[in-house]
Every structure is written in C-alpha cells, then in structure tokens.
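Have a look at the structure below before the remarks.
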C-alpha cells in the first residue's frame, strides 16, 4: 500500500487524531524487552552463528506461523499475521515482544506466558537464557554485538554526538511499556498529563537496574538515569503538555522540531540525522530535494521521539525498567486501571493537577537514585505510589473484567503491592542479595533475575 503524501501541518495533525477511538474499541498493548545471554558464561548472544539471535528467530518461525521482517536480507523481527503482535530486536540483541492489542490484562498475561514458554522451548537447547532487568549488569558496551538493522547504523553515531549515554540506552537497557487508547483530543490531553506526572512514580515502583559493569552503580534505576543523558531534543517530561491550548497540534509543533534520524525509500534507510521535518514538509530536505513526506514518513519520525510518555495513535508509557515475569503484567494493570475508568482518571488528575513543572522535573531527576524514598512535599514517592495503586485498583474493580476463575484484574497489581509493603524495590532486593547471599558474586544475577 502506498502511503499518502503529506501536504500540510493539518495532515500531520490528522494522522495523530486518527487515534481517537470509542471506549468499546480501547485496547491494551504491552511491550517487554529482555537481555539474551549464553548460560555457559553469561555472555551476550551475537546475531550470527548456530546458536545466535538469527537462529533463535528462525526457530520461532519453525514453531509458529509468523512472518519474517527483513532488513537487507537479514531477519530482524517477526510478525504474527493473525494478532498483529511482533517480535523485534533492539540494538544490543535485546529481544522484544510487542504484544497484540488486547481487551484486558488477563489476555496480556496469557500472551506473555505463552511467549516466554515458547522462547524457553527453543532457547533451552541452544543454551540461551533471558534476563529481566533494566540495564545489563555486567557487560561492557564494546562486548555487546550490534544487531544488523540499518537504522541503528544511523542512530548510534548521531546519539554519540548529542548525548553522553545514548549508546548505553541503545545497547544495554531494557524496558516494559504499555500502549493505551484515548477517545478524543481532550481525553488524550488529560491522559497525557496524568501519565507524564506519574511516570517518575512508575520508574520508582519498577526500579530494577542497580548494577553496571559487574558492581553496584549507585542508582536504583540506572536505565532512567541513562535516558536523562541520551538526547535532550527528543526526551523528557514535555512541560508544554500542561500549558493552555495543549492538543494534537501542539504535539505536532514539538515533533516538527525534533531532529530526524532517517527516511525509508525502496526499503532502504536514508541518513537524514539532524535534519528538520519542517524542511521536509516544505520539500527542502537536502537528501530528498523537492520531495514531500508521506504519512508513513511522519509515523516513522514520531516513533523516534522518546519522551517519558509518547503520543502516537495511542499513548505509550515509557517509565518502567525491564522486569521479571510477574511485573510484566503489573504495568498494564496499573495504567489500565487509571486510564480505562473515568472515575479513576479523574482521581488521578486530582492527585497531580497542582504539581508544578519544577516538582515534576525534580521527581524525574531524583527518582533514579532514591526511587520510593524520594522526598515529595511532606512525604515520599512511596506515599504517592500507594495512592496511585488505590486509584488503579478501584478502576480495575469498576472495569470488572473477569478471567475464567472469576477474578478481576486487580490481582495483577500484587507485585507492586508487595514492593510497597516491603518498602523495597526490585533493585534494593537485588542489592541485598549481592551484599548478602551472593557474597558479591554478580554472576548470580543471571540465575535470580532470569526468566
């Protein structure tokens, strides 16, 4: 299918506004990344070789009826023709499931369980394991093989110019994300504001990256710290989203000023790193002089913007570290409870609406180190997290989506309730193991944090 040409800014706005959906069509799409490692020595898995990433992808194709996604003849992902779910590779071989858009968290959890079971069947004979953490705990950057996706050859050198930790973000970080819908422009704005304000709270709840190069790194979410030093032009807390007049057009204006990475033509990546989409809109892109962008070019561009919450034709929650199996279900449960019940959304907005830009940014700055213990007003982030969970729990109860055993979605919040009850994040529990049971032997992390 040929993507239509973009003639004006109004067309760019229209692409985003197509995300408006009636409530009965709202879905939950969960993405989770994990590190691939060889169990024999805990080393990263390369793309090539009898037991490499390519062989792993081919093993999935032999087991499942998924279509290969190719880049210059290399398999760099898989797509399920029935559900729309996909498997993709992050730059350092992180293995990602981009889940299908599903109606409830029970389905998301079942999808995740089936995915991990399938991977285990294929990877076990290959000696491959999967690690659920926010940052690789032991590997040096130069040890990690770059996957053969052409876009990464463009992004990596550009990131090295505009930030100090962009390469670390690409090669050595993992996340769990959830994509959720909105019904209208005003609904999008309210959800965007709520989720931006609460994203540092989620970062604290899911903090799970306390190690780097084989030892504690001084952070609880080093992954979140990495994002602060990746590329300020395309990351952050989007303070403009809280200004009067916020809507699709304002986000388009922001996105137009985010430097581009690439343009796809004839299935080839054209390096336009640092160029302006505004110039492209005028036909003044130096690499494609006189050529106007298509809707697909615009969708590609907005997918290379990395704020704490990303607007596409849905909202993407980007604050959580990579996590163990149970927490993968907890993230979509937390956000669906808030977003998909109006009373819960209103309560969440009441919680955050008087927070100042400075307060929101201070939370973003301090949470990577102190997580739930971060000071806020007369209390801590843990206090806000408890209120957030209460709101989500009420929203999930109101949704009343039951599984085959008659349970609603609230039980998926259990790992977060445990974190708050114990007062310790996954990162802090890992550090206790490191200084205690492991006796400083970091190799134990590949057993205790593996799927």
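The values are calculated or read from the model by the stated rules, or taken from the named source; none is laboratory data. Remember, predicted model here, so these are calculated numbers, not experimental data. In this analysis, Cβ positions are derived from the backbone assuming ideal geometry, glycine residues included, and neighbour counts consider all displayed protein chains.
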Item to check | Residue list for segment 24-44, restricted to those being within 27 Å of residue 316 (Cβ to Cβ) and outside any strand (DSSP E or B) | outcome: 24, 25, 26, 27
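In segment 224-238, how many are part of a loop (DSSP other than H, G, I, E, B) and over 20 Å from residue 273 (Cβ atoms)? Walk me through it before giving the result.
Residues of segment 224-238 that are part of a loop (DSSP other than H, G, I, E, B), as a first pass: 228-234, 237-238.
Of the ones still in play, those that are also over 20 Å from residue 273 (Cβ atoms) are 228, 237-238.
So the answer is 3.
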Checklist entry - Looking at segment 124-138, which of its residues are over 21 Å from the mean Cα position of the chain (by Cα) and either surrounded by fewer than 21 Cβ atoms within 10 Å (Cβ to Cβ) or part of a loop (DSSP other than H, G, I, E, B) (or both)? => result 124, 125, 126, 127, 138
Next on the checklist: Out of everything in segment 367-390 that is assigned to a helix (DSSP H, G or I) and without any contact (Cβ under 8 Å) to a residue 24 or more places away in the chain, what residue ends up being farthest from residue 330 (Cα to Cα)?
Outcome noted: 373
Next on the checklist: Tell me which helices (runs of 4 or more DSSP H) are completely within segment 392-451 and hold 3 or more residues being exposed (fewer than 12 other Cβ atoms within 10 Å of the Cβ), in contact with a helix residue (DSSP H, G or I) (Cβ under 7 Å, 6 or more places away or on another chain) and modelled with pLDDT under 95, or say none if there are none.
Outcome noted: none
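Can you tell me how many residues within segment 96-123 are within 21 Å of residue 62 (Cα to Cα), assigned to a loop (DSSP other than H, G, I, E, B) and more than 14 Å from the chain's Cα centre (by Cα)? Lay out the reasoning, then the answer.
Step one: list which residues in segment 96-123 are within 21 Å of residue 62 (Cα to Cα), which gives 96-100, 111-123.
Next, from what is left, pick out any that are assigned to a loop (DSSP other than H, G, I, E, B): 99-100.
In the following step, the residues that additionally are more than 14 Å from the chain's Cα centre (by Cα) were identified as 100.
Number satisfying all stated conditions: 1.
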Checklist outcome for this item: Conditions (1) over 30 Å from residue 443 (Cα atoms); (2) modelled with pLDDT of 95 or more -> residue 2 fails only (2)
Next on the checklist: Need the failing condition index for residue 267 against (1) modelled with pLDDT under 95; (2) buried (at least 19 other Cβ atoms within 10 Å of the Cβ), just the number.
Outcome noted: (2)
Checklist entry - Going through segment 239-262 one residue at a time, which ones are in contact with a helix residue (DSSP H, G or I) (Cβ under 6 Å, 6 or more places away or on another chain), outside any helix (DSSP H, G or I) and over 11 Å from residue 302 (Cα atoms)? => result 246, 247, 262
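Filter segment 49-95 down to the residues that are within 22 Å of residue 138 (Cβ to Cβ), touching a helix residue (DSSP H, G or I) at 6+ places or on another chain (Cβ under 8 Å) and not in a strand (DSSP E or B) and list them by number.
49, 51, 56, 90, 91, 92, 93
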